[in-house]
Amino acid sequence: MSSLSRRHLFSAAAGIAAFAVAPRVVFAQAAAPAAAPAATGPFAVPPLGYAFNALEPHIDAKTMEIHHDKHHGAYVANLNNIAKTNPQLGTSAVTDVLGNLNALNDDIKFAVRNNLGGHANHTMFWEIMGPNGGKPEGEVLAAIEKDLGGIEKFQNDFNAAGGRQFGSGWVFVTVTKDGKLAMETRPNQDTPLMDGKRVLMGNDVWEHAYYLNYQNRRADYLKAWWNTVNWSKIGERYAAAKAGTLAV
């Protein structure tokens with residue numbers, strides 16, 4: 001082989017190697033919002049308004065995918081199965097059903113409590129999270145200062161309540177039509193909606209919400225979760241509560 005050909009060969013090989021290790025910044029694209037699993041009945045998992053990885057490093061993409069598609073998807077699948085023989089479930093407001101569980105037949109009451117509660121809780125949960133969520137302001141901030149002792153005390157109390165919740169459950173902030181806030185915890189997939197209340201926001205403390213990244217460190221998850229809160233959406237929910245239009 002001539003020295004010229006040899007030089008060409010080495011040059012080409014070096015170029016290929018350099019391309020292989022070079023960062024792909026030019027070709028990178030932002031991840032699209034996560035689509036919801038297909039519905040086969042009156043209930044559906046709402047799509048996320050952001051990608052599965054949008055909340056990293058605070059909540060990892062795999063946890064978000066499993067939580068949204070599999071866990072919430074299972075609640076919806078169970079509801080759609082129940083609705084096949086109880087079609088009134090699909091035509092009634094979620095808040096009406098959860099607020100009147102004793103009106104249901106005993107053979108479906110427990111399943112509806114768990115699955116419709118889970119559907120309502122998670123629908124709220126996905127809505128109030130997102131990247132670059134800002135800070136509380138305006139009427140929401142004023143209500144937190146008035147009713148919950150200010151943002152720092154509120155967050156500390158909220159985290160403590162979530163940490164004390166034994167086993168699976170949720171920590172919520174409820175809101176009345178006159179804008180008053182209160183905090184409470186509920187086990188499993190129970191929700192304040194079952195008592196006719198409205199939920200401003202809440203955090204899921206079931207292990208499936210955090211275990212892949214935090215294992216048994218629920219306290220670390222609770223602290224990190226505040227970095228994912230979308231205060232603009234919470235402001236919208238607060239306004240809807242005062243207008244009497246807030247659903248789940």
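The values are calculated or read from the model by the stated rules, or taken from the named source; none is laboratory data. Fair warning: this is a prediction, and the values are worked out from it, not measured in the lab. Cβ atoms come from the backbone with ideal geometry, glycine included; neighbour counts cover every protein chain shown. The accessibility values were calculated without ligands, DNA or RNA, using every heavy atom of the protein model including side chains. Shrake-Rupley method; radii C 1.70, N 1.55, O 1.52, S 1.80 Å.
Among the residues of the stretch 117-141, write down those that are open to solvent by less than 50 Å² (accessible area, probe 1.4 Å) and part of a helix (DSSP H, G or I).
The first filter runs over the stretch 117-141 and keeps only residues open to solvent by less than 50 Å² (accessible area, probe 1.4 Å), leaving 117-126, 128-130, 133, 136, 140-141.
Matches in the stretch 117-141: Gly117, Gly118, His119, Ala120, Asn121, His122, Thr123, Met124, Phe125, Trp126, Val140, Leu141.
Can you find even one residue in the stretch 187-194 that is among the aliphatic types (A, V, I, L, M) and either over 24 Å from Tyr75 (Cα atoms) or not in a helix (DSSP H, G or I) (or both)? So that I can check it myself, show each step before the final result.
As a first pass, look at the stretch 187-194 and keep what is among the aliphatic types (A, V, I, L, M): 193-194.
Next cut, either over 24 Å from Tyr75 (Cα atoms) or not in a helix (DSSP H, G or I) (or both) only: none.
The answer is no, given that none of the residues of the stretch 187-194 is among the aliphatic types (A, V, I, L, M) and either over 24 Å from Tyr75 (Cα atoms) or not in a helix (DSSP H, G or I) (or both).
Could you list, in sequence order, the residues of the stretch 39-54 that are open to solvent by 40 Å² or more (accessible area, probe 1.4 Å) and out of contact with any helix residue (DSSP H, G or I) (no Cβ under 8 Å at 6 or more places or on another chain)?
Pro47
Can you name every residue in the stretch 91-109 that is touching a residue at least 24 places away in the same chain (Cβ under 8 Å) and either basic (Lys, Arg) or assigned to a loop (DSSP other than H, G, I, E, B) (or both)?
Looking only at the stretch 91-109, we keep the residues that are touching a residue at least 24 places away in the same chain (Cβ under 8 Å), and these are 91, 93-95, 98-99, 101, 108.
Listed by number, the residues that qualify are Ala93, Gly99.
Please work out which residue is farthest from Ala74 (Cα to Cα), limiting yourself to the stretch 175-186 and to residues that are without any contact (Cβ under 8 Å) to a residue 60 or more places away in the chain and not hydrophobic (A, V, I, L, M, F, W, C).
It comes out as Lys180.
I want to confirm something. Restricting to the stretch 150-185 and keeping residues that are assigned to a loop (DSSP other than H, G, I, E, B) and within 21 Å of Arg198 (Cβ to Cβ), which single residue is most open to solvent (accessible area, probe 1.4 Å)?
Lys177
Looking at the stretch 192-239, which of its residues are closer than 15 Å to Leu181 by Cβ, open to solvent by 20 Å² or more (accessible area, probe 1.4 Å) and out of contact with any helix residue (DSSP H, G or I) (no Cβ under 9 Å at 6 or more places or on another chain)?
Lys197
Against the condition out of contact with any strand residue (DSSP E or B) (no Cβ under 6 Å at 6 or more places or on another chain) and farther than 14 Å from Gly117 by Cα, how does Asn81 come out, does it pass? Break it down into steps so the answer makes sense when it comes.
Values: out of contact with any strand residue (DSSP E or B) (no Cβ under 6 Å at 6 or more places or on another chain): yes; farther than 14 Å from Gly117 by Cα: yes.
When the stated conditions are applied, Asn81 passes them.
Could you list, in sequence order, all residues of the stretch 195-248 that are hydroxyl-bearing (Ser, Thr, Tyr) and more than 16 Å from the chain's Cα centre (by Cα)?
In the first step, residues of the stretch 195-248 are kept if they are hydroxyl-bearing (Ser, Thr, Tyr); the result is 210-211, 214, 221, 228, 232, 238, 245.
The answer is Tyr214, Tyr238, Thr245.
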